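The block underneath contains the structure these notes are about, expressed in structure tokens.
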Amino acid sequence: MDLSVSDLLLCPQLNPANDLKNEILVFDISILHKQANMPTQFLWPHQDLVGSQDELREPVINLEGFLKGDKEATVAAAHLVGAACINHGFFQVIKHGVDVDLIRAAHEHLDFIFNLPLAKKLDARREPGSVYGYSGAHAHRFSSKLPWKETLSFVYNHGNSHDLAVPNYFTSSFGKEFQETGLVYQKYCEAMEKLSLAILELLAISLGVERSHYRKFFEDGSSLMRCNFYPPCKEPGLTLGTGPHCDPTSLTILHQDQVGGLEVFANNQWRPIRPRPDAFVINLGDTFMALSNGRYKSCLHRALVNKESVRRSLAFFLCPKQDKVVRPPQDLIDREEQRKYPDFTWSDLQEFTQKHYRADVATLQSFIHYFLPTKRYN
Ligand SMILES: C=C1C[C@]23C[C@H]1CC[C@H]2[C@]1(C)CCC[C@@](C)(C(=O)O)[C@H]1[C@@H]3C(=O)O
Ligand SMILES: O=C(O)CCC(=O)C(=O)O
Ligand SMILES: [Fe+2]
């Protein structure tokens, strides 16, 4: 099927990533708070809103022994990671080696950003088709099922602590008074890169793949850092902070504040994840599911909002180099009866989610059926 991109947007199955049918709403919480009723653009279907109070408390994996090189602890940690990823692609890690003061600083600087005047935030607004920049409820992308959140996203290039892309992003987007913020997020992203490459070793070991295989695959990557800011909402039961989705990326390292709202779909129900200040939430994304030839699951998750308080989360989305072909390791393919997913590049999957499709639970399948046939790999 040789679909043009414009055909893609006509496909009834696709949820076009840009469906602006009427004038663009501005996510200005000072105004929205005064409105008696929830604007219809923020209403979500009932089936996306149902939930349970049955928390998913496990697995919480202690990385201390593994990070010190203890062989037994490494085997034990890899086993726990593997069991979690086969089930729902989600686990938490403690004693992860990330400086608690750095985590605190990253949360503090998140507030500096989102407490700026709206006009200043809109000056840094995400450009159409780009995943980077400020967004208020994605109101410039979608006109229904808007998420009750503000986000700021930027790129982080792996392997070069002297790379100034992050500090330069902040000074160029918000002014030189944000240089300190850029340096904090540079350091934070370096810590996330180090932790994600370590977790990739556990994933390789648990899959019976050469231990450094995935680490090498991602070493020259460029990841995405996202700050999420969820304002309080008068009618939290009618909307969502982030809708049900699997991250199209590879591995997500998320630090949430103590408010609560993250939920994972496991054992056929939505399971609240109780915040732990000492833990990072780890979830697999679509790209790693493909790299494991479908052995490990891309985690279906969402984020609720509440009436009382702002909720904040820091999400580091690990991504490979844009043009690297996403393909499982050969020895994994040899052991499996067949390839579950065709070759693709992260560049193409990212383009799909930014220009043609709003990431949800079916992103990878939609990408493979409707978008990938329009691409040619040599
Ligand atoms: C590549 C990405 C697209 C999104 C940010 C990263 C990984 C997660 C994706 C997202 C959060 C999934 C839910 C829908 C989305 C539109 C959002 O609510 O922000 C997605 C992000 C995006 O397209 O900006
Ligand atoms: O804020 C959260 O807890 C989850 C956010 C999320 O899933 C995302 O940004 O992809
Ligand atoms: Fe997510």
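The values are calculated or read from the model by the stated rules, or taken from the named source; none is laboratory data. Because the structure is predicted, anything quoted here is derived from the model rather than measured. Cβ: placed from backbone, ideal geometry, glycine included. Neighbour counts: every protein chain shown. Areas reflect the complete protein model, heavy atoms only, side chains present, ligands, DNA and RNA absent. Shrake-Rupley method; radii C 1.70, N 1.55, O 1.52, S 1.80 Å.
Does region 236-243 contain any residue that is of a type in the set (Ser, Thr, Tyr), touching a helix residue (DSSP H, G or I) at 6+ places or on another chain (Cβ under 7 Å), more than 14 Å from ligand 3 (Cβ to nearest atom) and part of a loop (DSSP other than H, G, I, E, B)? Checked region 236-243: at least one residue is of a type in the set (Ser, Thr, Tyr), touching a helix residue (DSSP H, G or I) at 6+ places or on another chain (Cβ under 7 Å), more than 14 Å from ligand 3 (Cβ to nearest atom) and part of a loop (DSSP other than H, G, I, E, B).
Annotation: residue 226 fulfils all but one of (1) open to solvent by less than 30 Å² (accessible area, probe 1.4 Å); (2) under 19 Å from the mean Cα position of the chain (by Cα); (3) in contact (Cβ under 8 Å) with a residue 60 or more places away in the chain; the unmet one is (1). When restricted to residues that are in contact with a Phe, Trp or Tyr (Cβ under 6 Å, 6 or more places away or on another chain) and in a helix (DSSP H, G or I), region 43-80 contains 3. Could you tell me whether residue 314 is within 18 Å of the chain's Cα centre (by Cα), in a strand (DSSP E or B), within 14 Å of ligand 1 (Cβ to nearest atom) and within 22 Å of residue 80 (Cα to Cα)? Criteria not met by residue 314. Output yes when any residue across region 312-320 is more than 21 Å from residue 18 (Cβ to Cβ) and without any contact (Cβ under 8 Å) to a residue 12 or more places away in the chain, and no when none is. Looking through region 312-320, none of the residues is more than 21 Å from residue 18 (Cβ to Cβ) and without any contact (Cβ under 8 Å) to a residue 12 or more places away in the chain. Just need a number here: residues in region 282-315 that are among the hydroxyl-bearing types (Ser, Thr, Tyr) and either open to solvent by less than 10 Å² (accessible area, probe 1.4 Å) or at pLDDT below 95 (or both). Adding up the residues that qualify gives 4. Could you list, in sequence order, the residues of region 342-375 that are at pLDDT 95 or above, open to solvent by 30 Å² or more (accessible area, probe 1.4 Å) and assigned to a loop (DSSP other than H, G, I, E, B)? Answer for region 342-375, where residues must be at pLDDT 95 or above, open to solvent by 30 Å² or more (accessible area, probe 1.4 Å) and assigned to a loop (DSSP other than H, G, I, E, B): 342, 343, 358, 359, 360, 361, 362. Within region 163-188, residues that are among the β-branched types (Val, Ile, Thr) sit with their Cβ atoms under 7 Å from residues that are not in a helix (DSSP H, G or I), at 6+ positions apart or across chains, in these pairs: 166/154; 166/156. In region 224-268, the qualifying residues are those that are among the aliphatic types (A, V, I, L, M) and out of contact with any Cys (no Cβ under 8 Å at 6 or more places or on another chain), and the one that is nearest to ligand 1 (Cβ to nearest atom) is 240. Residues in region 317-326 that are in contact with a helix residue (DSSP H, G or I) (Cβ under 9 Å, 6 or more places away or on another chain) and assigned to a strand (DSSP E or B): 318, 326.
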